[in-house]
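Undergrad: Just passing along the structure, written as structure tokens.
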Amino acid sequence: MTTDKKVLVTGGAGYVGSHACKALAKAGYAPIVYDNFVHGHHWAVRYGDLEYGDILDRARLDEVMAKHTPEAVLHFAAFAYVGESVGDPSKYYRTNVAGTENLLQAMRDYDVGKIVFSSSCAVYGNPERLPITEDMPKNPINPYGVSKLIVERMLVDFHAAHGLNWVALRYFNAAGCDPDGEIGEIHSPETHIIALALDVASGRRDKLIVFGTDYDTPDGSCIRDYVHVSDLADAHIKALHALDNGMESRAFNLGTGRGFSVLDIIASVERVTGRPVPYEVGARREGDPAILISDAHDARTILGWTPAITELDDIVRTAWRWHDRVNSGRRRVDRYRVGSV
């Protein structure tokens, strides 16, 4: 498709970024993937042009901006392992914060006036009440969450100084894979519980160790709000449209408003695959809140965003279809410890 509606997608070869590129192409945009392939995958670049590059490389960003003259940016490029951020905070502040500063400067200099930023519910830390609304205090408890909150503040300041229009989308737990089976989720290391439970069901891992079943929840395990990755992608398109229509810059939560526990996930994987998922109960993981559930009312009413895949078994089924197809030949991995990520 020939179109002048070019959108630069940093991290577009990653999990959520690749799904967003598919949604962009379907909506009539021309995605330009910008990725360094530290965690991205070449097979995930299917829906637009590819430009190899790092957001820390300002000269390369300038080259790509000058070549493509995008009308907007979707910004996914970041490191996103919470535990790693605690042990190596400089890595997260350098890439997630300084890299984003490079990107925003390039946007300013090449007159790119719109950005949709991949933020996180990690900006809230341990919430004071549930469900979590956008106006609640932001008290991140790890460098990853802090890096996302700093970028949100940068967006506010670039708007004030340079007129940059922005939306920050605070994801809850991204889950599932493209319902068409074209793209999906492969992380190294893998930390998402659905993918890990599918590894156990398929025999690639012996068992899961669940971090705590003594929380104040119905079954004692942590509860999280799982939102399908294709629904996240759709929210980015709706955010672009809203900015085009003059919406004021702001942040939105993205979640279903429903919570499922770690043991719910295991039971769903067993139902969908027809295979057992052995697990052991371990000690709590420090810093894990018992429950994190979103209030995405504003995204629904202002963006017109309605998640389409909300039943847990349906989310798991899309992940299993992808997992079963691409992982059959991958080597088996013994025992992996997993909590509620």
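Undergrad: Take the range 126-274, compute every pairwise Cα distance, and split them into 5 Å bins from 0; I just need the percent in each bin.
TA: In order of increasing distance, the bins hold 2, 7, 13, 17, 19, 16, 12, 7, 4, 2, 0, 0 percent.
Undergrad: With the full set of protein chains in place, find how many percent of the accessible area of the range 1-152 is carbon and sulfur; take the probe as 1.4 Å.
TA: On the range 1-152, the fraction of accessible area on carbon and sulfur atoms equals 51 percent.
Undergrad: Can you tell which of ASP219, ASP288, ASP135 shows the greatest fluctuation in a Gaussian network model of the chain with Cα springs below 10 Å?
TA: Answer for the Gaussian network model of the chain: ASP135.
Undergrad: log₁₀ I(q)/I(0) of the range 203-282 at q = 0.15 Å⁻¹, via Debye over equal Cα point scatterers, no solvent, to two decimals?
TA: Debye intensities relative to I(0), on a log10 scale: -0.71.
Undergrad: Right, here's the next one. For the chain, what is one quarter of the convex hull surface built on the Cα atoms, given in nm²?
TA: If you wrap the Cα atoms of the chain in a convex hull and average its projections, you get 15.9 nm².
Undergrad: Tell me the relative contact order for the range 254-299 as a rounded percent, counting alpha carbon contacts under 8 Å between residues six or more apart.
TA: With pairs under 8 Å counted, the relative contact order is 70 percent.
Undergrad: Roughly how large, in nm² to one decimal, is the mean projection of the convex hull of the alpha-carbon atoms in the range 105-175?
TA: One quarter of the hull surface, i.e. the mean projection, equals 5.5 nm².
Undergrad: Run the helix sum for the chain: -39,500 (n - 2.57) per DSSP H stretch of 4+ residues, divided by residue count, reported at 222 nm to the nearest 500 deg cm²/dmol.
TA: Taking each H run of at least 4 residues, the total per residue is -10500 deg cm²/dmol.
Undergrad: Which is the longest stretch in the chain that no exposed loop site breaks, taking sites as GluC sites (Glu not before Pro) with a DSSP loop state and at most 14 other Cβ atoms within 10 Å?
TA: Within the chain, the longest run free of exposed GluC sites (Glu not before Pro) spans 1-127.
Undergrad: Same structure, new question: Relative contact order, percent, of the range 1-143 when contacts are C-alpha pairs under 8 Å separated by at least 6 residues?
TA: Reported as a whole number, the value is 22 percent.
Undergrad: Give, to the nearest whole percent, the P(r) tail of the range 150-221 beyond 21 angstrom, counting all Cα pairs.
TA: 56
Undergrad: Once you keep just the Cα pairs under 8 angstrom separated by 6 or more residues, what percentage relative contact order results for the range 72-132?
TA: Worked out over the range 72-132, it gives 52 percent.
Undergrad: Separate question: Averaged per residue, what accessible surface does the chain expose to a 1.4 Å probe, in Å²?
TA: Here the per-residue accessible area is 41 Å².
Undergrad: Sticking with this structure for a sec: Taking the alpha-carbon centroid of each part, what is the distance from the range 1-44 to the range 182-231 in angstrom?
TA: Using only Cα atoms, the two centres lie 26 Å from each other.
Undergrad: Taking amide H positions as placed 1.01 Å from N in the peptide plane, with prolines and chain starts having none, which residues 5 or more places from ILE115, or on another chain, fall under 5 Å of its amide H?
TA: Amide H to amide H, under 5 Å and 5 or more residues apart or across chains, ILE115 pairs with VAL73, ASN165, TRP166, VAL167.
Undergrad: Something else: Using only Cα atoms, figure out Rg for the range 1-114 and give it as a multiple of 2.2 N^0.38 Å.
TA: Its radius of gyration relative to the 2.2 N^0.38 Å reference: 1.03.
The values are calculated or read from the model by the stated rules, or taken from the named source; none is laboratory data. These numbers were taken from a predicted model, which means no experiment stands behind them. We place every Cβ from the backbone using ideal geometry, glycine too, and count neighbours over all the protein chains shown. SASA here: full protein model, heavy atoms, side chains in, ligands and nucleic acids out. Shrake-Rupley method; radii C 1.70, N 1.55, O 1.52, S 1.80 Å.
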